[in-house]
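This report refers to the structure that appears directly beneath it.
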Amino acid sequence: MTKARIAAPGDSGIPLEYLLAFIREDAPYGDITSELVLPEVVRPAEIITRQSGVVSGLSEAGRLFTYHDVDVRVLVADGSEVDRGDTLMALSGPVKAILLVERTALNIIGRMSGISTRTRQFVDIAGKKGVGCRISSTRKTAPGLRMLDKKAVQLGGGVLHRLSLSDGILIKDNHLAVVSLEEAVAAARTASIYRKIEVEVESTDAAVRAAKAGADIILFDNMTPDKVRRTLSALAELNLRNGRLIEISGSVNDETIGNYALPGVDVISAGVLTHSVRNFDVSLELQKG
C-alpha cells in the first residue's frame with residue numbers, strides 16, 4: 001500500500017473559484033440550520049473511508065476547508081491506495097464552517113475516488129496483459145465536473161484524452177456524414193500541420209482508408225475484439241502501421257476491458273470511467289464535546 005503524510009493541502013491545479021462555486025450551489029444563503037441552532041464552537045473532525053480503493057479529491061476538499069478557516073491535515077496522498085477505516089484528513093475549526101463544507105467536500109472526494117478506483121482497476125487488468133496498453137477517459141463527463149473527473153482518471157493511473165473539442169482533431173462519424181474521410185483528413189492537415197489527426201472508424205475498410213489518408217491516430221469504435229485483431233492484421237499486412245497509434249473505444253466496461261488489451265492496441269478509452277461513476281464511500285466524523 002502506498003501512503004504519504006502531508007501537513008496541509010497544496011495547490012491542486014484546480015482554480016479555487018471553481019471549487020467555491022460548489023459551496024455557493026449548496027449554500028446560496030448560508031447553512032441556515034447550523035446558523036440557527038449551533039453556538040460558536042471549535043471542534044476536531046476526521047474524514048474516514050468506508051471502503052478500500054484509490055483516494056483522490058483530498059487536495060480540493062482541503063482547500064475548501066482551509067478557505068473557510070478550518071485547520072487541515074491531509075494524511076494520505078491523492079492517488080494512494082487506502083483501506084476501509086483509514087483516516088484521510090484531520091480537521092479542526094469552527095463547527096459551522098466544517099458543516100458548511102462537509103457535503104461538498106465528501107461529494108468531491110467520493111466522486112473523484114470512485115473514478116480513480118475504477119481507473120486503477122482497468123489499468124491493472126490491462127497491465128496484466130503485458131502489451132503496454134494505456135487507459136484513457138472520454139468527454140463523457142458530467143457538465144461542470146470535467147476538470148475533476150479528468151484529474152481523477154490521471155490519479156488512478158490513466159492518461160488524458162481531449163479535455164475539450166478545442167484540444168485535438170478527432171474526425172467522427174457525424175463529420176463523415178457531411179464530407180468524405182479523405183477530404184476531412186486533407187482539410188485538417190492543411191489547416192494544422194502541428195496537431196495529430198485522429199479518425200474514428202467502425203470497419204476494417206475504413207481503418208485502411210484512414211491510414212492511407214494520413215491519419216496519425218485511428219480509433220476503432222465499437223469493434224469486437226476479433227474485429228480489432230483482423231483490422232490490426234490488415235493494417236500490418238499493408239504496412240500501414242508506421243508508428244500510428246491505435247485507440248479502442250466503445251463497448252469497454254469492467255467485463256470486456258481485458259479482451260481489448262491486445263498486442264498492437266496503444267490506448268483503450270472508456271467512457272464508463274466518468275459517465276457511470278460508482279461513488280466512493282467516505283464520511284466526516286465530528287468529535288462530540
Open item on the list: Would you confirm whether or not segment 119-126 contains a residue that is polar (S, T, N, Q) and under 27 Å from L20 (Cα atoms)?
Closed with: yes
Open item on the list: Every residue in segment 64-87 that is in a loop (DSSP other than H, G, I, E, B), within 18 Å of E17 (Cα to Cα) and either touching a residue at least 60 places away in the same chain (Cβ under 8 Å) or open to solvent by less than 70 Å² (accessible area, probe 1.4 Å) (or both), please.
Closed with: H68, V70
TODO: Sort out which residues of segment 250-259 are open to solvent by less than 20 Å² (accessible area, probe 1.4 Å) and in contact (Cβ under 8 Å) with a residue 40 or more places away in the chain, and write them in order of number.
DONE: I257, G258
TODO: For residues that are open to solvent by 40 Å² or more (accessible area, probe 1.4 Å) and among the hydrophobic types (A, V, I, L, M, F, W, C), tally how many sit in segment 23-63.
DONE: 6
Task: Failed criterion for I135 (all others in (1) exposed (fewer than 13 other Cβ atoms within 10 Å of the Cβ); (2) assigned to a strand (DSSP E or B) hold) - done: (1)
Open item on the list: Condition first: open to solvent by 30 Å² or more (accessible area, probe 1.4 Å), under 16 Å from R134 (Cβ atoms) and among the hydrophobic types (A, V, I, L, M, F, W, C). Now tell me which residues in segment 218-249 satisfy that.
Closed with: L245
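The values are calculated or read from the model by the stated rules, or taken from the named source; none is laboratory data. Since this is a predicted model, take the numbers as computed values, not measurements. Methodologically, a virtual Cβ is constructed for each residue, glycine included, from the backbone with ideal geometry; neighbour enumeration extends over all protein chains shown. Ligands, DNA and RNA are stripped out before the accessible areas are found, and what is left, the full protein with its side chains, is counted by its heavy atoms. Shrake-Rupley method; radii C 1.70, N 1.55, O 1.52, S 1.80 Å.
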